[in-house]
Number of protein chains: 4
Amino acid sequence: MGVQNGSVWQFGTLAKGEKNLITDVPGVKVGHCTLQSGAVQTGVTAILPHGGNCFLEKCPAAAHVINGFGKSAGLVQVQELGTLETPIVLTNTLSVGTALTALVRHMLEGNPDIGTTTGTVNPVVMECNDGRLNDIRGLHVQETHVFAALDAAAEEFEEGAVGAGTGMCCYGHKGGIGSASRCVTLGEKTYTVGALVLSNFGALADLMIAGDPVGRRLAAEKEAPDRGSIIVILATDLPLSHRQLSRLARRAQNGIARTGTITGNGSGEIVLAFSTANCIPHYPAEHTLAVEILHEDYMDHAFRAAVEAVEESIVSSLLHAKTNEATEQKIRALSDSLK
Amino acid sequence: MGVQNGSVWQFGTLAKGEKNLITDVPGVKVGHCTLQSGAVQTGVTAILPHGGNCFLEKCPAAAHVINGFGKSAGLVQVQELGTLETPIVLTNTLSVGTALTALVRHMLEGNPDIGTTTGTVNPVVMECNDGRLNDIRGLHVQETHVFAALDAAAEEFEEGAVGAGTGMCCYGHKGGIGSASRCVTLGEKTYTVGALVLSNFGALADLMIAGDPVGRRLAAEKEAPDRGSIIVILATDLPLSHRQLSRLARRAQNGIARTGTITGNGSGEIVLAFSTANCIPHYPAEHTLAVEILHEDYMDHAFRAAVEAVEESIVSSLLHAKTNEATEQKIRALSDSLK
Amino acid sequence: MGVQNGSVWQFGTLAKGEKNLITDVPGVKVGHCTLQSGAVQTGVTAILPHGGNCFLEKCPAAAHVINGFGKSAGLVQVQELGTLETPIVLTNTLSVGTALTALVRHMLEGNPDIGTTTGTVNPVVMECNDGRLNDIRGLHVQETHVFAALDAAAEEFEEGAVGAGTGMCCYGHKGGIGSASRCVTLGEKTYTVGALVLSNFGALADLMIAGDPVGRRLAAEKEAPDRGSIIVILATDLPLSHRQLSRLARRAQNGIARTGTITGNGSGEIVLAFSTANCIPHYPAEHTLAVEILHEDYMDHAFRAAVEAVEESIVSSLLHAKTNEATEQKIRALSDSLK
Amino acid sequence: MGVQNGSVWQFGTLAKGEKNLITDVPGVKVGHCTLQSGAVQTGVTAILPHGGNCFLEKCPAAAHVINGFGKSAGLVQVQELGTLETPIVLTNTLSVGTALTALVRHMLEGNPDIGTTTGTVNPVVMECNDGRLNDIRGLHVQETHVFAALDAAAEEFEEGAVGAGTGMCCYGHKGGIGSASRCVTLGEKTYTVGALVLSNFGALADLMIAGDPVGRRLAAEKEAPDRGSIIVILATDLPLSHRQLSRLARRAQNGIARTGTITGNGSGEIVLAFSTANCIPHYPAEHTLAVEILHEDYMDHAFRAAVEAVEESIVSSLLHAKTNEATEQKIRALSDSLK
């Protein structure tokens, strides 16, 4: 976007993780599959919560809906059982079905007990509408693209207009994938809170970066309304319960709000938070599980980390999103064409 | 099942609709596509809320999760915006993705503006796990089956082991699709509340029919646990708001509980209620809409109708579910094999 | 009421606790203060979750609103923090304020740190409207009555028209306090789930007792509508998390529904569930707490226990509620007078 | 506080209401009763939604809990029935009981049918903990103070350390009552969205004013943690349904977040939004009501107004809160004394 990357913007006060990515949380991996060819500007991003079998070792998790103008799937069970049992797949709105089926196949392959000797599986797929830059009606995402994103998952990953972020717009510029992380030290232990966003929201005039209302200076008189959405993934190795992760997820709204948006009517803003501590076995050895849970008095550390990481992730998605003249023209044209 | 259909069971006191089906609500239609061949025992059921274009004329709607061990899709937006903008599709758990994609295609075909000049669309797909009788891992439901169910939608429809109900089990017997309706007279106007269930839950020992604990007499000593799920669709032409429909949806639990279940841990029990009154135009003519809303003092009539219709729908699904020796043996074998 | 106490009604299949009261859960105590004199027919009931200082040792807890036409206080914080930090006080609707103040004073007395060196305290007060039999406008409950109920708390306690139950009506008869308990054996350990209800709901014609529709036989042609409310307290020594207690609380609706009600518009039906296992210290010794949590696979045992105990508690409140000719006449008169 | 009032800070872009107060919404009135004497630094603020009888003409309303570490009362019924039927009373945390009883008495006086020929009433009382500056354990608020605040209600009212705001702290300075309003023009009609906050939250280092991180410059090295709470009241004459008001209420978090806070663990952040359009009669003339509802497409106007008004209300509470040397010392001392 038309602002400097080398700025001294400061997003909060906490120490950043080593890579300043969600993958600073040990075990978390991210992979992309990008579809970019003419009118096809879309893709898939997969977030793996840990290196093991997610179905056999479920992560404590919680979802939070800031504004439910969205079509994410799998959240009902996350809220009921408090666990995540598959990787999280991000894609465009109309490809959620394809991504669900692909994720089901992926899980069936790794777990012959699913649907036979045990129950089914709850795939989690989240989305934004990239229809402004992508031929979304073409349903171009195929199951193979989901497998490719899952296979590509690694600790290092690209930000910007890649994977599910390929066709996303944010604050009147190219948006997409952004990520950041923060460290939380309690006693002698240091934990990490990481965020990854799929940014596709905001009106340029509203854009604030680290308190600087850059949008006011950059915005044209006539502007497209605040449409689109944002998906936020929060990961941590702090030992948080479902309820605590639900509280953490709600802080994403503070991070989003710091970038200036009013959370518009049409914006699907949905958060999924998970912890890699205290994974729950699908097949329990005993009736009860011994777990370690953070005392509520220390939640503020996690909250601050989440707010800062989400704010920075959004800005990072803007700064990393490479664009070209064709895309820029298309984005500018939206101001006039969209009702 | 092994009980008499010609009984004098009485499910409440309200008058029944003409067909005693959800389609007694004017405009509502139901269609099935049944897949039944050897290990393939599954299908699709579609509920059309009205005869028009659901996207252009959205029905007030609300979802309620009784027990969220389920994979239904589309509920987040229903809760946020309070509207249903597609038919409701029911199928097996692992085919939700395919059904979503098919429903997207169906909506795209009828609405060239979706994904181009307007936003996207929120397909609603709900499910139960028919893996006890069906080769659910085979993902046998294809998009064409969804189109077939949509095309087959009519005021008259079959109950029992058809459509999405083909492979479902309920209280240790064959379950599936059941439906019933009740009349509500206010002043000089008569309204209808209709229910349709996809029943796939319950342990036989718990089964109660109109207060009669038949399950205790029928149940073997050793029985499969209360697994599976139930989806409840409530339709009405009463002018109810989203909030009121949400209240109505919560009464489904009373109707379900009357059949004896404890709402087991693994049961995805999810309700979707919609009204055909006060449909909301996608493209508004004015800033505001004139609507007529039921005064809260009269909600009890709707509540009683919903409780009675849900209870009878479940029993009806049991009574209509044709079975055969192979299926019966399979169900009986579950008592020993399931953990 | 006009039915036999010595019946062979069976409420489920699980073993009952020793006293068949909520106080079978070790540590739980219940106390009443009854105000009964002419038009004054009201009172206070206190439930103590354990014998220690509730503020310093908080119980994991969850609230669930079945129908929120009610004025209970303190639930917001229970849902956020997942803990109960005071006794629970039950009284009539318009005396919630007085009960709150009294409970605050009670807590301040035992905790000099509240409001000085630490934060405040979250008193939980729940209510039903006894205005049909009590001069509720007179605000007759005084703070001393709350202290008296707290002081009277014991393992043995009366059921029926006592304490907060003094002026309550249920299914067209005297209602009030009822209680029951069930045992849950997992491996070599036996746990208890106990219920206590304040019953003030239901239309006689709807009454079902253990599946027997006694209401249909007893009800007059013309009857008062289903008004009033029910409060349900669930206690257990099972090691359940806030999320699991929330799931447990939702099963109360099945128990209530088994007694025949449609959960009327005007019925405030609210559940509070707490566990005496894994109490959370107000002042933590470490950043994290070691806790033991039930694996989800075993929740069905707890669910069944809750459904059965709630159903029996309601019937028990009816059977224990002593009445007299004056009260009976007043109840009968309601059928004509109430709009 | 130590910043300039005469600044050119700009909180958004919408036109302000005439008084830039919540009372710009026609019919809304606000009254205070201030208790200020030595250690007693507390009070009561009442918000009257309209000039008529709130019980007979109920306002559509919705509550939203951002962070439920709070003791507000009355929210359960607001969420169920979607209406507000009393004035809203704000006071300190431990005086909620007294305020409830006073509000009950106030309503009983004006409505002889409550508790006799009709049901009871749902008083709404919201709170923050002023224990840092006030002897909160003394329970100094009396019922007469609540009546005084109700009686004092007017279109003009003071902001700052008055009424319920008397003893509140915000971002390390005096906080309390703040208010602002915004205009929304749709077609030829202009509506108003007004906000009133009771501010008692935030750590100084986090304070942002209109994007300016003033807190970073002002904060001492060692600072008290982000404790306390904020109550937000939103009023509008836009014809919004309960569901739409619930969406509006959620935007308060964006406004709050713009002032820099992370929404700390101990902060009770609760929003109540009501509309003065489409009031619901307690005694309906017909079974149905004719209402006019805003089309969802125009919600963004309301959202923007709410975000801006909440942000400015918080800053206004800071700017208006007169303080003195004693109070300042007390606030500074908190940094060292609080755990």
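The values are calculated or read from the model by the stated rules, or taken from the named source; none is laboratory data. Computed from a prediction, not measured in an experiment: that's the story for all the values here. Cβ placement follows ideal geometry from the backbone for every residue including glycine, while neighbour counts extend to all protein chains displayed. Ligands, DNA and RNA are stripped out before the accessible areas are found, and what is left, the full protein with its side chains, is counted by its heavy atoms. Shrake-Rupley method; radii C 1.70, N 1.55, O 1.52, S 1.80 Å.
Residues that are surrounded by 24 or more Cβ atoms within 10 Å (Cβ to Cβ) and more than 7 Å from every other protein chain (Cβ to nearest Cβ): find the strands (runs of 3 or more DSSP E) completely inside the range B:207-304 holding 2 or more of those. Quick ask: steps written out before the conclusion?
Values: elements: B:229-236, B:268-275, B:288-294.
It comes to B:229-236, B:268-275.
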Failed condition for residue A:124, given (1) without any contact (Cβ under 8 Å) to a residue 12 or more places away in the chain; (2) crowded, with 24+ Cβ neighbours inside 10 Å; (3) closer than 21 Å to residue A:52 by Cβ:
(1)
By residue number, the members of the range C:114-129 that are within 16 Å of residue C:230 (Cβ to Cβ) and either among the polar types (S, T, N, Q) or at the interface with another protein chain (Cβ under 7 Å from one of its Cβ atoms) (or both) are C:129
Considering only residues that are part of a loop (DSSP other than H, G, I, E, B), small (Gly, Ala, Ser) and in contact (Cβ under 8 Å) with a residue 24 or more places away in the chain, which ones fall in the range C:161-188?
C:161, C:167, C:172, C:175
Confirm whether residue B:89 is under 14 Å from the mean Cα position of the chain (by Cα), within 18 Å of residue A:101 (Cα to Cα), aliphatic (A, V, I, L, M) and at pLDDT 95 or above.
yes
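For the range B:211-243, give me each residue that is β-branched (Val, Ile, Thr) and at pLDDT below 95. Show your work before the answer.
Let us first name the residues in the range B:211-243 that are β-branched (Val, Ile, Thr), namely B:214, B:230-233, B:236.
Listed by number, the list holds a single entry, B:214.
For the range B:69-85, name all the residues that are facing chain A (nearest Cβ under 8 Å), among the polar types (S, T, N, Q) and open to solvent by 10 Å² or more (accessible area, probe 1.4 Å). Working first, answer last.
The first filter runs over the range B:69-85 and keeps only residues facing chain A (nearest Cβ under 8 Å), leaving B:69-77, B:79-81.
Going one step further and asking which of them are among the polar types (S, T, N, Q), we end up with B:72, B:77, B:79.
B:79 - this is the single residue of the range B:69-85 that is facing chain A (nearest Cβ under 8 Å), among the polar types (S, T, N, Q) and open to solvent by 10 Å² or more (accessible area, probe 1.4 Å).
From the list D:182, D:105, which one is open to solvent by 20 Å² or more (accessible area, probe 1.4 Å), basic (Lys, Arg) and at pLDDT 95 or above? Don't jump to the end; show me each part of the working.
Numbers: D:182 fails: open to solvent by 20 Å² or more (accessible area, probe 1.4 Å).
The conditions single out D:105.
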Cβ pairs under 6 Å, 6+ apart or interchain, first in the range B:86-113 and facing chain A (nearest Cβ under 7 Å), second among the hydroxyl-bearing types (Ser, Thr, Tyr) and assigned to a helix (DSSP H, G or I), ordered by first then second residue, are B:97/A:101; B:98/A:101; B:101/A:98
Identify the single condition in (1) among the small types (Gly, Ala, Ser); (2) modelled with pLDDT of 95 or more; (3) within 22 Å of residue A:161 (Cβ to Cβ); (4) open to solvent by 30 Å² or more (accessible area, probe 1.4 Å) that residue A:326 does not satisfy, given that it satisfies every other one.
(2)
Got a sec? Which of D:149, D:153 is within 25 Å of residue D:59 (Cβ to Cβ), touching a Lys or Arg at 6+ places or on another chain (Cβ under 7 Å) and away from chain C (no Cβ under 14 Å)?
D:153
Residues being within 21 Å of residue A:273 (Cα to Cα), more than 14 Å from the chain's Cα centre (by Cα) and aliphatic (A, V, I, L, M): count how many of those fall in the range A:147-186.
6
Filter the range A:37-68 for residues that are in contact with an Asp or Glu (Cβ under 6 Å, 6 or more places away or on another chain), of a type outside the set (A, V, I, L, M) and within 14 Å of chain B (Cβ to nearest Cβ); which is surrounded by the fewest Cβ atoms within 10 Å (Cβ to Cβ)?
A:55
